[in-house]
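The values are calculated or read from the model by the stated rules, or taken from the named source; none is laboratory data. The model shown is predicted, which means the values in this text are computed figures rather than measured ones. Cβ sites come from the backbone with ideal geometry, for glycine too, and all protein chains shown count toward neighbours. Note: accessible area is taken over every heavy atom of the protein model, side chains too, but ligands, DNA and RNA are not part of it. Shrake-Rupley method; radii C 1.70, N 1.55, O 1.52, S 1.80 Å.
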Amino acid sequence: MATAEGFTPVELSRRQLLGTGFAAGMIATTARSSTLSELVRNAPAQAPSVAARPRVIVDPAIDPNLLARARASFDRHRSVLTHTDTVVIADFSKASREHRFFILDTHSGQVTRHLVAHGRGSDPDHSGFVERFSNAVGSEASSNGAYVTGDYYPGKYGRSLRVSGLDPSNSNAYARAIVVHSAWYAEPGVIAEHGKLGRSEGCFALPYDSLQEVLQRTGPGRFLYADKLA
């Protein structure tokens, strides 16, 4: 079991909260531009200090080891975020039939759980599991790493949310048009019929109702982290 610094689902002390990114009272960095590329480019070198608040319990729904990775990544990229009230974590260690897309309220530590499809390039045999990640254009695979959310736009599947990759492992996300959207093949009924979700072209494809919560609670300048535990 990891320590509280790794964001395990334990009660965090006031002292420990000083070092945690996913805690209540996190102060957003002011962006100098409304565009995603300029937001990243113009980010200040350091994020402001964060005032501690008393004890937050992080929901144990998220694997503590993945949560630790996400926390470390958040700390590295905090300066490009304009909002820190909500963090999204996708656990691609889990099968597509499981709830593995988590929306974390950083003030309360509460989590809502959702289905999400992965890219067909990550699962060529359609086993329901992510076998590999890719950042290559045309791979139709999911990419792991940190993302910053962008603007809403009307896409092929309706209103969707753009994301931009912050790591070498997902730096082509914007160019690949990787977004968060709803899709028929990500609905629970597909699991009832096939035992797994369908596959996207690398996007985070959610059930329609889940996307509505994403659209309501996220928006530009928030943190999304996707990865798979070995």
- Task: Mind checking the full-extension length gain between Y152 and S127? Use 0.36 nm per residue of separation minus the Cα-Cα distance, one decimal, nm.
- Result: 5.9 nm
- Once you have the Cα-Cα distance between D59 and E213, take 0.36 nm times their residue separation minus that, and quote the gain in nm to one decimal. 53.6 nm
- Message: For a protection proxy built on the mean count of beta-carbon atoms within 10 angstrom, sort 181-192, 143-154 highest first, please.
- Response: 143-154, 181-192
- Message: Probe radius 1.4 Å, ligands and nucleic acids left out: which of H126, H118 has the largest accessible area, and how do the rest follow?
- Response: H126, H118
- Task: Measure out, as a whole number of angstrom, how far apart the alpha-carbon centroids of region 110-154 and region 169-209 sit.
- Result: 7
- Message: How would region 145-230 be classified by its alpha-carbon gyration tensor: rounded, prolate or oblate, with rounded meaning a/c under 1.5 and the a/b versus b/c comparison settling the rest?
- Response: oblate
- Task: Mind listing the long-range amide H neighbours of D123? Cut-off is under 5 Å, sequence gap 5 or more, other chains count too, H placed in the peptide plane at 1.01 Å from N.
- Result: E131
- Would you kindly derive the ³J(HN,Hα) couplings of region 154-165 from the backbone phi angles with the Karplus curve 6.51 cos²θ - 1.76 cosθ + 1.60 (θ = phi - 60°), listing them in order in whole Hz, with x for Gly and Pro? x, x, 4, 9, x, 4, 9, 10, 6, 9, 10, x
- Taking 0.36 nm per intervening residue step and subtracting the Cα-Cα distance, what contour gain separates Y185 from R113 on full extension? 24.2 nm
- Task: At q = 0.19 Å⁻¹, what is the base-10 log of I(q)/I(0) for region 86-197 according to the Debye formula with one equal point scatterer per Cα and no solvent? Please give it to two decimals.
- Result: -1.12
- Using R₀ = 30 Å, calculate the FRET efficiency as 1/(1 + (r/R₀)^6) where r is the Cβ-Cβ separation of S171 and A192; round to 0.05. 0.20
- Task: Filter the trypsin sites (Lys or Arg not before Pro) in region 86-172 down to the DSSP loop ones having no more than 14 other Cβ atoms within 10 Å, then list what survives.
- Result: R132, K156
- In terms of the alpha carbon gyration tensor, root eigenvalues a ≥ b ≥ c, rounded if a/c is under 1.5 and otherwise prolate when a/b exceeds b/c or oblate, region 182-230 is oblate
- Note on the structure: For region 154-197, the percent of all C-alpha pairs falling in each 5 Å bin, from 0 up to the bin holding the max distance, is 5, 21, 18, 16, 17, 15, 7, 1
- Item | With DNA, RNA and ligands ignored, accessible area of S164 (1.4 Å probe; Å², nearest 10) | 20
- Query: At a 1.4 Å probe, what is the % contribution of carbon and sulfur to the accessible area of region 71-230?
  - Reply: 49
